[in-house]
1. Out of all the residues in the range 131-142, is one or more in contact with a helix residue (DSSP H, G or I) (Cβ under 7 Å, 6 or more places away or on another chain), modelled with pLDDT under 95 and closer than 20 Å to Ile214 by Cβ?
2. Taking the conditions exactly as written (part of a loop (DSSP other than H, G, I, E, B), without any contact (Cβ under 8 Å) to a residue 60 or more places away in the chain, polar (S, T, N, Q) and open to solvent by less than 70 Å² (accessible area, probe 1.4 Å)), does Ser32 satisfy them or not?
3. Can you go through Trp223, Trp199 and tell me which one is in contact (Cβ under 8 Å) with a residue 12 or more places away in the chain, of a type outside the set (A, V, I, L, M) and over 24 Å from Val112 (Cβ atoms)?
4. Quick check on my filter: what residues within the range 76-103 are among the aromatic types (Phe, Trp, Tyr), more than 23 Å from Tyr163 (Cβ to Cβ) and at pLDDT below 95?
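The values are calculated or read from the model by the stated rules, or taken from the named source; none is laboratory data. None of the values given here were measured: they were computed from a predicted structure. We place every Cβ from the backbone using ideal geometry, glycine too, and count neighbours over all the protein chains shown. Note: areas computed on protein heavy atoms with side chains; ligands, DNA, RNA excluded. Shrake-Rupley method; radii C 1.70, N 1.55, O 1.52, S 1.80 Å.
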Amino acid sequence: MATIIRSLIKGYRYINEEVADPRTKDFFLISSPWPVLIIMTSYLYFVQTLGPRLMANRKPFNLDRIMQIYNALQIVSCACLFYTGIIIAFKNNYSWVCQPVDYSNTPEAIEVASMVWYYFLLKILDLADTVFFVLRKKQNQVSFLHVYHHTGMLAGTWAGVKYLAGGQVTFLGLINCFVHVIMYTHYLLTSLKMGRPWWKKYITQMQLMQFIAILLHFSQLLWTENCGFPLWPAAVLIPQNLFMIILFADFYYKTYIKKPKAQIERNGIAKESNGKTKTT
């Protein structure tokens, strides 16, 4: 038993310390996996169990003003990260085919590592989306796709800061920030009664294209020789993005193809019935 415990401790230290990026070990929430695991567990417990239970006999909260501030904060944060990421990419001659991680302590490498960490912090902020759903009693929007996406992004970005703070993975954050600028702008305009329902369809299309682009980007690692970037992230992110494409495509089909088609058919039957009634 003592041997097993020593082996577990040794394995934990190896994963948490020896193979980790030494530059980010002192970053907030990165030195140990336990804080982010507590955040994820608390999030899942609240949105799936505690929150619905607390709201069962309460009226929905009016969070319009809070959500407007939140959406504006998301727009500004994502836009700043996207703009800074583009500037860094061109300044450092970023390769869109294969980019290894620069583990040096140069100002440029530390700047990239810090940007990856800022992106991770944004993924924590993203969890507020689901909390707002629960407090507004919109539990139907707390879908498997929604919760899976948020928890997966949080775990993935933490691992990125911990082990791969730069390189090929930064493309994911860059394109995701761009998509989120558009998405949260839509949310903000909708909360201000300035949105248009038909925008949602194209935002979902853009999200699908995002996952396809990330899939293709990481697939390049499979045939690029001497890249210098490890293959194990591709082994994780390629199946992950395939799964997300399937989930989002299913959502798109049910929401924007199947549902309108069924509605048209129901309207057609109703008109036909009304016509027969008038004739009779």
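1. no
2. On the way: part of a loop (DSSP other than H, G, I, E, B): yes; without any contact (Cβ under 8 Å) to a residue 60 or more places away in the chain: yes; polar (S, T, N, Q): yes; open to solvent by less than 70 Å² (accessible area, probe 1.4 Å): yes.
In short, yes.
3. Details: Trp223 fails: in contact (Cβ under 8 Å) with a residue 12 or more places away in the chain.
Criteria check complete, one pass: Trp199.
4. Across the range 76-103, the qualifying residue is only Phe90.
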